[in-house]
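Since the structure comes first, as structure tokens, the remarks are kept for the end.
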Amino acid sequence: METVFYRLPSLIWPFVILLSIFLLLNRFKKKLKLDKILQNVTLLEYVLLIWIFFGYLTLADFSERCGCIVFDRSPLSLDYILLSFFSLLLVGLSVFELTKRFSKLFLSIELIYWLFKLFFIKSGYVGGLGIMMFNYYDYIALTIRLLLITSVFKLQIKVYLILISSFIIISLKIIAIPCQDNFVYEDIIRPAQLNNRIEKLAGKWSGEVTFECDTSIKYQNDSTGVNYLISIIDSNDYYDSTILRTLGDFAIEFTNTRMILDSIPDLAKEYKLLTSISTKEYLRYIPTELNYEPNLGIEDSIWSKMLIVSFGKVTKQELHLEFNERYKLQLNKNSR
């Protein structure tokens, strides 16, 4: 419970600010015609469209952050586009004259969808001060939606009650489900992207590998305080530089579950793919002789022997890969 109450204060400030602004404007509501503004359906629809687009650009409309774990993916990721586009589409349809008569239906579906996304897809509610942006964005987004629904259905609900309702709903998110798996990405998009990447890799390749080697040159400070160079190889010493070595004519083969390396220093063996923690950007392999049960987690000994394959250029005939940020490979597809 201490963690929950630690997160709640980050929601209180947008609630207090919005409530204070409303109470201040309420004193001049006749001059400002505040009631007409808050009941102007078209105005609220455009405000919501702008707010959704702002949330998409800033990733506040959909956060995968969970405490210190931050998934740094582009706004151009397919799931981000689809999740925000569906809201933009429904609100946009309610604005156009040809479909405006169905605005009640569109806006009701959009509100239900957005609440579903908030509670069952979206994360971003663990992380101290780091979650404040998502709190204020979601709080304002929900308030606009409730004002819009109230105006469309001509409900006589006080604005301060809408503000309080938004506060309660977002508080429930913070308390009950602060972090959630993005099943749209994890169960649909990610497996499809991973399979597509594996299919492109399948086959035998050969080419050139460049890798770092520790130099035998190191600095040493003698009793007089003068630095000079000596040639002593010691893996525990800090070397002042590294040298690159290049090897050619080596072979590598990919299958759906395996990677077989040949002639790469210290790595020439067969590896199996860890699909549970791989993405289209990175594939993670471990030697086949290691025992690994996905349900039991990954031990430190396995992490230390894991081979992370990151991708540069990927075509049907050419691959640029990197292993553990040390080995750089330029490969060409072998003719069959």
Tell me yes or no: at least one residue of the range 159-178 is at pLDDT below 85, crowded, with 16+ Cβ neighbours inside 10 Å and in a loop (DSSP other than H, G, I, E, B). yes
Have a look at Tyr113, Tyr6 and point out the one that is modelled with pLDDT of 90 or more and of a type in the set (Ser, Thr, Tyr). Tyr113
Report yes if some residue within the range 295-308 is aromatic (Phe, Trp, Tyr) and at pLDDT below 80; otherwise report no. yes
Checking the structure you have, find out if any residue of the range 23-38 is modelled with pLDDT under 85 and buried (at least 16 other Cβ atoms within 10 Å of the Cβ). yes
Out of all the residues in the range 257-278, is one or more part of a loop (DSSP other than H, G, I, E, B), touching a Ser or Thr at 6+ places or on another chain (Cβ under 7 Å) and within 19 Å of Gln330 (Cβ to Cβ)? no
Residues in the range 182-202: is at least one on the phi > 0 side of the Ramachandran plot and not hydroxyl-bearing (Ser, Thr, Tyr)? no
Assess whether Ser20 counts as being of a type outside the set (A, V, I, L, M, F, W, C), modelled with pLDDT under 70 and not in a loop (DSSP other than H, G, I, E, B). yes
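The values are calculated or read from the model by the stated rules, or taken from the named source; none is laboratory data. If you're wondering where the values come from, they're calculated on a predicted model, not measured in any experiment. Reconstructed Cβ throughout: ideal geometry from the backbone, glycine too, with neighbour counts over all protein chains shown.
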